[in-house]
Amino acid sequence: MKTTKRLIQIYTLAQGDALWDIGCDHSLLALMNLREKKFSKVYCVDRSKSSLEKINQKIRVIDPLRIEVIQSDGCLLNWEDVSGTVVIAGSCPEKYRKRLTWVLNPFTSVDKFLKEIVQFLPETVMERYETKENGRVRQIFKYPATE
Ligand SMILES: C[S@@+](CC[C@H](N)C(=O)[O-])C[C@H]1O[C@@H](n2cnc3c(N)ncnc32)[C@H](O)[C@@H]1O
């Protein structure tokens, strides 16, 4: 499995001491970090056992100081323990991406979200909504299914 430009960009954007790769599949960010050593630890989280076996096949002995492999649904993590950068990438294959309607509601860094999301969802179909919650304007973005 190749480390793509997309993954390199994600790795470059990430910051902090730790990186949590939710839905890691091949754990490529953890492998990249073995070379680059930008993060003291990468947490490879995937709900699929077979996905996590890939990292075990690639490196015989996992250094628990650098990589921790966690089989879990990302939603069920103990988020109190999570620090640094969280990556949730490519968790939906292209055919589903087009078939599904996405409603996304980032609370912070909306400008950055909009810059990055164009890689995954078509800007042309984006609908923007606003709602007020506790006196704050929250933006909601809807990307209707395109097929
Ligand atoms: C298409 S792969 C993406 C791999 C990698 N993140 C990337 O961007 O190349 C999606 C992975 O997300 C995992 N996944 C999907 N939903 C998940 C969830 N709710 N919690 C944890 N893992 C999940 C799947 O098991 C699969 O391994």
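222 nm [θ] for the chain, helices only, -39500 (n - 2.57) per DSSP H run of 4+, per residue, to 500? Kindly include the intermediate steps, with their values, before the conclusion.
Values: 5 runs with 42 residues, N = 147.
That comes out to -8000 deg cm²/dmol.
Note on the chain: with charges restricted to the Cβ of Lys and Arg (+1) and Asp and Glu (-1), its dipole about the Cα centre is near 440 debye. Structure remark: mean-square fluctuation, Gaussian network model of the chain, C-alpha springs under 10 Å; the largest value among PHE120, PHE39, PHE107 belongs to PHE107.
All alpha carbon pair distances within the chain were sorted into 5 Å bins beginning at 0; the resulting P(r) in whole percents reads 2, 8, 16, 19, 18, 16, 11, 6, 3, 1, 0.
Highest-first packing order for the peptide set 79-89, 15-25 is 15-25, 79-89, based on the mean count of other beta carbon atoms within 10 Å.
Pairs of alpha-carbon atoms within less than 8 angstrom and 6+ residues apart define the contacts here; what relative contact order does the chain have, in percent? Could you put the intermediate results ahead of the total?
Details: 208 pairs, mean separation 32.3, N = 147.
Answer for the chain is 22 percent.
Rounded, prolate or oblate: which fits the range 5-88 when a ≥ b ≥ c are the square roots of the eigenvalues of the alpha-carbon gyration tensor, with rounded for a/c under 1.5 and prolate only if a/b beats b/c? Rounded, because the longest to shortest axis ratio a/c is under 1.5. The orientation-averaged projection of the convex hull spanning the C-alpha atoms of the range 67-138 amounts to 7.1 square nanometres.
Given Cβ point charges of +1 (Lys, Arg) and -1 (Asp, Glu) and nothing else, what value in debye, to the nearest 20, does the dipole of the range 100-147 about its Cα centre take?
Values: 7 positive and 7 negative charges, 46 e Å.
Once rounded to the nearest 20, the dipole reads 220 debye.
Of the cross-linked pairs LYS37/LYS132; LYS38/LYS98; LYS2/LYS49; LYS37/LYS115; LYS38/LYS132, those separated by over 31 Å at the C-alpha level are LYS37/LYS132; LYS38/LYS98; LYS38/LYS132.
Where a number appears in this text, it was derived from the coordinates with a stated rule and is not lab data. Note that the structure is predicted; figures quoted are calculated from it, not measured. Ideal geometry is used to build each Cβ from the backbone, glycine not excepted, and the neighbour counts take in all protein chains shown.
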